[in-house]
Amino acid sequence: MTTELPSPALVVRMPAFDSNIAAADELLRASSKRLRPHVKTHRTPALALRQLTDVTSGLTCATVGEAEAMVDAGAEDVFVANEVIRPDKLARLAALARRAHVCAAVDSAQGVDALGDAVRTSAAQVRVLIDVDVGLGRCGVAGPDEAVQLARVVERTPGLELDGVMGYEGRQRADEPDRSRAISDAYEMLAETAAAFDRSGLASATVSSAGTSTLHEALADPTITEIQAGTYALMESDLDGLGLPFVPAYSVVASVISRAGDRAVLDAGRKSIACDYGPPTPMAAGAVLESIHEEHTTLRFANGAPALGERVELRPGHVRLTFNLHDVVWLAHEDGSIERAAVGARGRSW
């Protein structure tokens, strides 16, 4: 099958992908929560639309560009879980709200005012979640009091609809120091903020948080209503050890272009495989990675190198950045057919 593909090729094994979607759905159906898959994982509309099921509330996006690509492909509900400040991006977001249900995160009065101006100009309506810093030290207001104050600004702004709060605790690997404390502190902050909204008569229908690494904890939390996980669909090796019911579903297929004894050189390197989480793992039996360069990966084989032209699969450690290195992903179906799909939001960080 993979011999038909160009090389290097980014490949998703669709039986594994679909199995991951089904496993996530099963977990969500046992709760009262909704899943809003995060498309930054793969930036691929064909995969994102496949993740929409009866337990999802729409898609999560990191950028306006991602949201536009998803709506262009047919998505009807998108949440930009990020602050949007530049006038050009706000105008695009407001225009998008005339074509789909749009929600945005805010953490400043200036941001609310700017979003309100753009929405009024476009004659659109945008839902808003107040972003709370729950310990990541990135975006978000400092706590419940600031969240309530900002929520009141949203309520006074025509064209905006307050829908609740969000907060992201960051990736929490199994070996992360103080993992349990970081998660519990984050969710306690969200609970305190939601309670402050209730006392103030503010809308808090949505409390959006979490990712794949904290999926179990988010499902058990009584406050969170929506989970922004994305990596679950394809999985990464650094999430091993968390007891998650997901399997690896993607790889990069490369070809042997040079060989000598037990050494083989492949035509894939750092320009097609993200290595910030470490080098890729060779999937061939007896293969050990020796080095990786811009366009080459060198492997050693216990029983001699494969013949020239043979294919070797590599499992990258970082799915999100690997996808953003490719224009196309190849979807390998159970019946042996292969479908070409555009990584349609590749580079859409603007």
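The values are calculated or read from the model by the stated rules, or taken from the named source; none is laboratory data. The model shown is predicted, which means the values in this text are computed figures rather than measured ones. When we count neighbours, we look across all protein chains shown, and the Cβ atoms used for this are built from the backbone with ideal geometry, even at glycine. Protein only, heavy atoms only, side chains kept; ligands, DNA and RNA dropped before computing areas. Shrake-Rupley method; radii C 1.70, N 1.55, O 1.52, S 1.80 Å.
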> For the stretch 326-350, what are the residues that are surrounded by 19 or more Cβ atoms within 10 Å (Cβ to Cβ), in a loop (DSSP other than H, G, I, E, B) and not charged (D, E, K, R)?
Replying inline: H326, V343, G344, A345
> Could you say which residue among T3, T60 is surrounded by fewer than 17 Cβ atoms within 10 Å (Cβ to Cβ) and touching a Lys or Arg at 6+ places or on another chain (Cβ under 8 Å)?
Replying inline: T3
>> Based on this model, can you work out whether L321 counts as of a type outside the set (K, R), within 24 Å of T212 (Cα to Cα), outside any loop (DSSP other than H, G, I, E, B) and within 21 Å of the chain's Cα centre (by Cα)?
In response: yes
> Any chance the stretch 46-60 includes a residue that's touching a residue at least 40 places away in the same chain (Cβ under 8 Å) and assigned to a loop (DSSP other than H, G, I, E, B)?
Replying inline: yes
> What strands (runs of 3 or more DSSP E) completely inside the stretch 257-314 contain at least 1 residues that are open to solvent by less than 20 Å² (accessible area, probe 1.4 Å), closer than 18 Å to L5 by Cα and touching a residue at least 40 places away in the same chain (Cβ under 8 Å)?
Replying inline: 263-266
> E76 is checked against (1) touching a strand residue (DSSP E or B) at 6+ places or on another chain (Cβ under 7 Å); (2) open to solvent by 60 Å² or more (accessible area, probe 1.4 Å); (3) within 26 Å of T322 (Cβ to Cβ) and fails just one. What number does that condition carry?
Replying inline: (3)
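State whether the residues of the stretch 140-159 include one that is modelled with pLDDT of 95 or more, of a type in the set (D, E, K, R) and within 23 Å of the chain's Cα centre (by Cα).
No, there is no match, as no residue in the stretch 140-159 is modelled with pLDDT of 95 or more, of a type in the set (D, E, K, R) and within 23 Å of the chain's Cα centre (by Cα).
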>> Looking at (1) at pLDDT below 95; (2) over 30 Å from K33 (Cβ atoms), which one does D238 not meet, given that it meets all the others?
In response: (2)
> What number of residues within the stretch 8-33 satisfy the criterion of being open to solvent by 40 Å² or more (accessible area, probe 1.4 Å), over 17 Å from the mean Cα position of the chain (by Cα) and modelled with pLDDT of 95 or more?
Replying inline: 8
> E236 fails exactly one of the following numbered conditions: (1) open to solvent by less than 10 Å² (accessible area, probe 1.4 Å); (2) charged (D, E, K, R); (3) in contact with a Ser or Thr (Cβ under 6 Å, 6 or more places away or on another chain). What is the number of that condition?
Replying inline: (3)
> Between a first residue in the stretch 227-239 that is under 9 Å from G211 (Cα atoms) and of a type outside the set (A, V, I, L, M, F, W, C) and a second residue that is in a helix (DSSP H, G or I) and modelled with pLDDT of 95 or more, which pairs have beta carbons less than 6 Å apart while being 6 or more apart in sequence or on different chains?
Replying inline: G230/T41; T231/T41; T231/T212; Y232/N20; Y232/A24; Y232/T212
> Just for the stretch 232-256: of the residues that are in a helix (DSSP H, G or I) and in contact with a Gly (Cβ under 7 Å, 6 or more places away or on another chain), which one is farthest from E176 (Cα to Cα)?
Replying inline: S237
> Based on what the data block shows, is L202 over 15 Å from the mean Cα position of the chain (by Cα) and part of a loop (DSSP other than H, G, I, E, B)?
Replying inline: yes
> Between a first residue in the stretch 84-108 that is free of Cβ contacts under 8 Å to residues at least 12 places away in the same chain and a second residue that is surrounded by fewer than 23 Cβ atoms within 10 Å (Cβ to Cβ), which pairs have beta carbons less than 9 Å apart while being 6 or more apart in sequence or on different chains?
Replying inline: R86/A114; D88/W350
>> Checking S57 against (1) among the hydroxyl-bearing types (S, T, Y); (2) in contact with a Gly (Cβ under 9 Å, 6 or more places away or on another chain); (3) modelled with pLDDT of 95 or more: exactly one of these is not met. Which one?
In response: (2)
>> Regarding the stretch 200-214, can at least one residue be identified that is at positive phi, surrounded by fewer than 24 Cβ atoms within 10 Å (Cβ to Cβ) and at pLDDT below 95?
In response: no
